[in-house]
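Let me begin by presenting the structure, written as structure tokens, before commenting on it.
The values are calculated or read from the model by the stated rules, or taken from the named source; none is laboratory data. None of the values given here were measured: they were computed from a predicted structure. Note that we place each Cβ from the backbone using ideal geometry, even for glycine, and neighbour counts take in every protein chain shown.
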Amino acid sequence: MLFLAVFCGFMAENFREHLVEHKKEKDYMKSLLADLVTDTSSHNRNIQFWEEQIVLADSFFNCLKKQETPANTRDLYRLVYYSYDFSKFNYNDRTVAQLKSTGNFRLIRKKQIADDIISYDNSVRINLISQEQELESVWITLMNKQATVIDYRAWPAKALFLNETNYLTGLSGPALLTKDKIAISELMELSQRKIWLMTIVKQNLVFLKQEAGALIGALKKEYHLQ
């Protein structure tokens, strides 16, 4: 009888531990789901941002290839102005970080779910963030090179700059600081590299958005989440 009582107590305690762990697992997955939804919104914003920047950079490159005219030079200045911003993906890794630091990946019973979470985390950290860093480095180098060709002091007031029609039809416009072919060629090469890296970053964001979407669907199905 004593043995049976001890055994039953052990089984009850083991059952309670499983219930606690399953609740923790679901709580983690709820938190991860919220992170992924936030990530997806960020992916959408950044995809749109880089699509617009690629178009601007491509137009800038084509302007550099053209013969210098007042209208073409004004286009260059306008394109530089609109290409000044840089956007980084803000990774919401609070849940993944907790799972890693506490060793609680073991709570995830379905191996495929755990593998997909690790895959998404690696895609962000190893691929996207490193590519963003490379792009930012080229972007800074390009801005410094532009300063040898584009006279930033010639930028008009923002209100006038945003009035594209007035700016482009003005009788006079800013001139380039130099017509040196080597300087222009170097600027074109950097611009091409920037376009290439922006395209890679955008493609990675599209891939990550798909990964996040698939993981969101799997979490909702496996854990009956909304």
Next item on the list: Enumerate the pairs (first residue in the stretch 69-83 and hydroxyl-bearing (Ser, Thr, Tyr); second residue anywhere and part of a helix (DSSP H, G or I) and at pLDDT 80 or above) with beta-carbon separation below 8 Å, excluding pairs fewer than 6 apart on the same chain, so at least 6 apart or on different chains.
Entry: TYR82/LEU56; SER83/GLN53; SER83/LEU56; SER83/ALA57; SER83/PHE60
Check: Can you name the residue in the stretch 134-178 that is modelled with pLDDT under 85 and basic (Lys, Arg) and is also nearest to the chain's Cα centre (by Cα) among such residues?
Finding: LYS158
Note to self: Take ILE108 and tell me if it is of a type in the set (A, V, I, L, M, F, W, C), under 30 Å from ALA218 (Cα atoms) and over 23 Å from the mean Cα position of the chain (by Cα).
What the structure shows: yes
Notebook entry, point to check: How about the stretch 214-226: which of its residues are within 20 Å of the chain's Cα centre (by Cα) and loosely packed, with under 15 Cβ neighbours inside 10 Å?
Noted result: ALA214
Next item on the list: Return the pairs, sorted by first residue and then second, in which the second residue is among the basic types (Lys, Arg) and assigned to a helix (DSSP H, G or I), the first residue lies in the stretch 87-107 and is under 30 Å from LEU135 (Cα atoms), the beta carbons are less than 8 Å apart, and the residues are 6+ apart or on different chains.
Entry: SER87/ARG45; TYR91/ARG125
Next item on the list: Only residues in the stretch 177-197 that are of a type in the set (Asp, Glu) count as the first member; pair them with residues that are surrounded by fewer than 13 Cβ atoms within 10 Å (Cβ to Cβ), Cβ under 6 angstrom, at least 6 apart or cross-chain, and list the lot.
Entry: none
Checklist line | Hits in the stretch 103-136 - residues which are of a type in the set (Val, Ile, Thr) and more than 26 Å from ARG193 (Cβ to Cβ) | finding: ILE108, ILE113, ILE117, ILE118
